[in-house]
Amino acid sequence: MFGHIFFTRIKCLVRDKQLIFWSLIFPIILATLFKLTFANISNGEVFKPIDIAVVSNQFYENDHGFRETMKHVSEDGHGKLFNMVKADEVKADELLKNNKISGYIYLNPEVNLVVKSSGLNQSIIKTFLDNYKESKNNILSITKANPSAGIEGILKDLHVNREYTYEVAPSGGAPNTSLSYFYSLIALACLYGGFLGLKEITDIQADLSKRAARVNMAPVHKMKMFAYGILAALLIQFAEILILLGYLSFVLRVDFGNQLPYILLLSFVGGAAGISIGTMISACIRKGEGIKIGILITVSLISCSLAGMYYAGTKYIIEKKAPFLAYINPATLITDGLYTLYYYNTYERYFLNVAILTVLSIIFCLITYLIIRRQKYASL
Amino acid sequence: MIVKVNNLVKRYNELLALDHFNLEVKKGEIFGLLGPNGSGKSTSINCILSLLKYDKGEIQVFGKPMSPDAYDIKKDIGVVMQEVAVFEELTVYENINYFCGLYIEDKDRRKALVEEAIEFVALKDFRKFYPKKLSGGLLRRLNIACGIAHKPKLIILDEPTVAVDPQSRNNILTGIKKLNEQGATVIYTTHYMEEAEQLCDRIAIIDKGKTVALGTKEELKGMIKIGEKITVEVFNLVPEALEELRKLPTVDKAEYRENILVVRSKKGKDSLVKILEFMNSHDIKFGKMYSELPTLNDVFLEITGKELRD
C-alpha cells in the first residue's frame with residue numbers, strides 16, 4: 001500500500017505544472033534575477049588600481065629608490081596599486097582638475113602629494129607615501145648608524161609583513177554581501193514546499209475536492225494517506241532544493257563554501273518546515289484552494305522578508321527588536337543556519353536552528369493531523 | 001438489508017436538509033432515489049458514506065453501523081460521485097489503478113480488475129489519455145470506472161448522468177444494469193424520472209429531505225388517482241365549454257392554455273372516448289390528440305403539488 005500511494009503521489013506532484021513552477025522554476029528565475037542585480041554590488045567590492053600621476057622632474061628622475069618603488073606598485077599583477085602616468089606639472093594639474101586622476105606626486109626633493117579632495121583613493125595614496133617615507137627614513141637611520149649592515153637584507157625584510165592576527169574561514173568562502181539574499185532565496189524555496197503540502201491535504205480532505213472525497217471512501221486510514229503523501233512531498237521538495245542549489249553553485253557560481261552536507265541537512269529540514277506549513281494552512285483555512293495559495297504565498301513572502309530577502313538589515317532589526325519572532329520564523333532559521341555555516345567556525349547555532357525547524361515541522365504536522373483526523377464534514 | 005437508514009436528520013444551519021429520512025435497500029436491487037435538485041439526495045448519500053456529519057439518526061451498511069473508520073464496510077462500497085472525481089495529473093489507466101489500489105493490494109489481481117473496468121466502460125483506446133483530453137461523456141465513464149473497478153458489493157451512484165450526451169447516458173445505464181446482474185446492489189440518485197423508471201427496481205421519491213413515496217414504479221403509479229393524461233390541440237374552446245368538460249365524471253382536472261387542452265382523467269374510466277364524444281357533440285375543432293399513462297412526474301406532482309424539474 002505504501003509504494004502504491006507514495007509513487008502515485010510523486011507522479012501527481014511532479015506532473016502538476018503550477019506546483020512545479022512555484023516550488024522550482026520561480027526560485028530559479030528569482031535566483032537568476034538576483035545574480036544579475038547583485039553582480040554590480042560584488043564588482044563594487046573589488047579593489048581597482050588608483051589613477052595617479054607623477055611629475056617627471058629632475059628630482060624624480062634622480063631618486064632611483066622612489067622610481068623603482070613606483071614602478072613596482074604600478075606593474076600589472078596581483079599587487080598592482082596604481083595606474084601611474086608620468087607628466088609635467090601643468091599636465092598633472094590638468095588631469096587632476098578634470099578628475100582623470102585621484103592625485104599627483106611631485107618631488108622637490110621631498111615626496112609631496114597634491115589632491116583636489118579627500119576620499120578613499122586619496123587616503124590610500126597618502127598612506128602609501130607615508131609608509132614609503134617612514135621606510136626610507138628607517139633605512140637611512142640604520143645605514144647611518146651601522147654602515148656595515150647589508151642594505152639588501154634590510155630591503156628584503158621590508159617586504160615581510162608579519163601578521164599578529166589571522167583569519168579563520170571554516171567554510172573557505174570569500175566574504176560576499178549578496179550571499180544573504182541567496183540564503184533568503186533558499187529559505188523561500190524551502191517555504192514554497194508549502195505548495196506541495198497544500199496539495200497533499202487538498203487531495204485527502206473530502207470537503208476540499210471531490211477526488212479527496214473518493215479517497216476518503218477507501219478503506220485506508222487517514223494517517224497513512226497523510227504520512228505517505230507528506231513523504232512523497234518531502235522527496236520532491238528535497239530534489240527541487242538540490243536542483244536549485246546545483247543551479248546556484250554551478251550555473252550562477254554562487255560560492256556556498258565547503259559545508260555541503262550541512263547545507264543539505266538544513267535544506268531538508270527547511271523543506272520539511274515549508275511542507276508542514278502548507279499542510280497546516282490547508283487544513284486550518286476552510287476556504288477555496290485559490291485563497292489558500294494566496295495565504296501561503298503571503299506567509300512565505302512575509303517570512304522571507306523578515307529574514308532579509310528584500311533588505312538584508314531587516315533580519316538584524318528583527319533579531320534585536322523581536323528575537324522571539326526570529327526564533328519561530330522558519331525563513332530566518334534557514335537563512336541564519338546558512339549564514340552560520342558560512343561565517344562561523346562552530347556548529348552550535350546551526351544545530352539550534354536545525355532543531356527549532358524540526359520541532360516547528362513536527363508541531364505543524366501534528367496540528368494538521370489533529371484537524372483532519374476522523375473528520376466528517378459539515379458540508380460538501 | 002444492505003443499507004438501513006433510520007430517522008436521519010441533517011441541518012445546514014437553518015435549512016433542514018434531511019427530515020427524519022428513512023431508507024431500506026435490499027440485497028441485489030437497483031434502488032432509485034428520485035427527487036428534484038436540493039431535495040436531499042446527495043446529502044443522504046454523503047451521510048450514508050460517513051462523509052457528512054448528521055444531527056440525528058442511525059445508518060447501517062451490511063448490517064453494521066457506518067462510521068468513517070468502518071474500513072471493513074468501506075472495502076465493499078464503490079462510489080461514483082455527481083462531479084467527476086479523478087486526478088488531472090494521472091492518465092485514465094493510472095487513475096483507475098490508483099483508486100482500485102486503495103482497495104486491492106495484490107498487484108496481479110488489481111491489474112486484471114483495472115483492465116476489466118477499462119473494458120467495461122469502453123475506454124481501452126483512451127487508457128493513456130489525461131482527463132483534460134477526454135470529452136464530458138468519456139470523463140463520466142472514467143469516473144464510473146474509478147468507482148467500480150474493485151468490484152464492490154454496494155455501488156452508490158450520485159447523479160452520474162448529469163450533463164452527459166444521450167448516447168453516453170444510455171451506455172452508462174446499460175453498464176449499471178450489467179453491474180447489477182453481476183451481483184452488485186446499486187443505489188442510484190437522479191432527478192430524471194425516465195432514468196429511474198428505466199433502471200430501478202424500487203424507487204424512493206424524496207422531497208424536502210423526506211421520503212414522500214416508496215415502491216416499484218407500478219406501485220408508485222398505483223398510489224395516485226390519475227389514470228391517464230390526454231393532450232388535445234384545440235382552436236375554439238370557449239370558457240363555458242371548458243367548464244362543462246370539467247364536470248364530466250371521468251375528468252379529474254382540465255386546463256386550457258395556448259390552444260392546448262390537457263385533461264387528467266380519473267383512474268379506470270374510459271376517458272379518451274368520452275372526451276372525443278364531447279368534442280364532437282359541441283362541435284369543437286381539434287388537431288392532434290394523444291394519451292399518456294401517468295409518469296413518476298405525475299406521482300410527484302400529485303403528492304407534492306409541484307413538478308420534478310421545478
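Quick notes on this one:
- Those residues of segment A:345-365 which are within 14 Å of A:S276 (Cα to Cα) and in contact with a helix residue (DSSP H, G or I) (Cβ under 9 Å, 6 or more places away or on another chain), in sequence order: A:I356, A:L357, A:T358, A:L360, A:S361, A:I362, A:I363, A:F364, A:C365
- Any hit, segment B:154-172, residues being open to solvent by less than 60 Å² (accessible area, probe 1.4 Å), more than 19 Å from B:Y103 (Cα to Cα) and hydroxyl-bearing (S, T, Y): yes
- Taken over segment B:74-83, the criterion of being more than 7 Å from every other protein chain (Cβ to nearest Cβ) and surrounded by fewer than 21 Cβ atoms within 10 Å (Cβ to Cβ) is satisfied by B:D76, B:Q82.
- Contact map, segment A:119-134: residues that are without any contact (Cβ under 8 Å) to a residue 24 or more places away in the chain paired with residues that are surrounded by fewer than 17 Cβ atoms within 10 Å (Cβ to Cβ), Cβ distance under 7 Å, separation 6+ or inter-chain. Pairs shown: A:K126/A:L113.
- Taken as a whole, the structure places B:K151 among residues that are part of a loop (DSSP other than H, G, I, E, B) and open to solvent by 60 Å² or more (accessible area, probe 1.4 Å).
- Flag for A:A233 being within 28 Å of A:L352 (Cβ to Cβ) and within 14 Å of chain B (Cβ to nearest Cβ): yes
- Some residue of segment A:206-215 being of a type in the set (K, R) and surrounded by fewer than 20 Cβ atoms within 10 Å (Cβ to Cβ): yes
- In segment B:89-128, the residues that are within 14 Å of chain A (Cβ to nearest Cβ), open to solvent by 70 Å² or more (accessible area, probe 1.4 Å) and either in contact with a helix residue (DSSP H, G or I) (Cβ under 9 Å, 6 or more places away or on another chain) or hydrophobic (A, V, I, L, M, F, W, C) (or both): B:E105, B:K107, B:K111, B:K128
- Some residue of segment B:52-64 being within 19 Å of A:Q205 (Cα to Cα) and either open to solvent by less than 10 Å² (accessible area, probe 1.4 Å) or at pLDDT 90 or above (or both): yes
- The residue that is modelled with the highest pLDDT, counting only those in segment B:193-224 that are within 20 Å of B:I2 (Cα to Cα) and in a helix (DSSP H, G or I), is B:L199.
- Test: residue in segment A:218-229 that is β-branched (V, I, T) and in a helix (DSSP H, G or I): no
Condition check ((1) over 28 Å from the mean Cα position of the chain (by Cα); (2) assigned to a helix (DSSP H, G or I)) across all residues:
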| residue | (1), (2) |
| --- | --- |
| A:A273 | no, yes |
| A:S276 | no, yes |
| A:G290 | yes, yes |
| A:C304 | no, yes |
| A:T314 | no, yes |
| A:K320 | no, yes |
| A:L325 | no, yes |
| A:N345 | no, no |
| A:Y369 | yes, yes |
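- Breaking point among (1) modelled with pLDDT of 80 or more; (2) surrounded by fewer than 17 Cβ atoms within 10 Å (Cβ to Cβ); (3) of a type outside the set (S, T, Y); (4) touching a helix residue (DSSP H, G or I) at 6+ places or on another chain (Cβ under 7 Å), for B:L245: (2)
- Lone qualifier among A:I29, A:I105, A:I41 - being closer than 30 Å to A:L188 by Cα, at pLDDT 90 or above and among the aliphatic types (A, V, I, L, M): A:I29
The values are calculated or read from the model by the stated rules, or taken from the named source; none is laboratory data. Everything quoted here is computed from the prediction, not taken from an experiment. Cβ: placed from backbone, ideal geometry, glycine included. Neighbour counts: every protein chain shown. All accessible areas refer to the heavy atoms of the entire protein, side chains included, with ligands and DNA or RNA removed. Shrake-Rupley method; radii C 1.70, N 1.55, O 1.52, S 1.80 Å.
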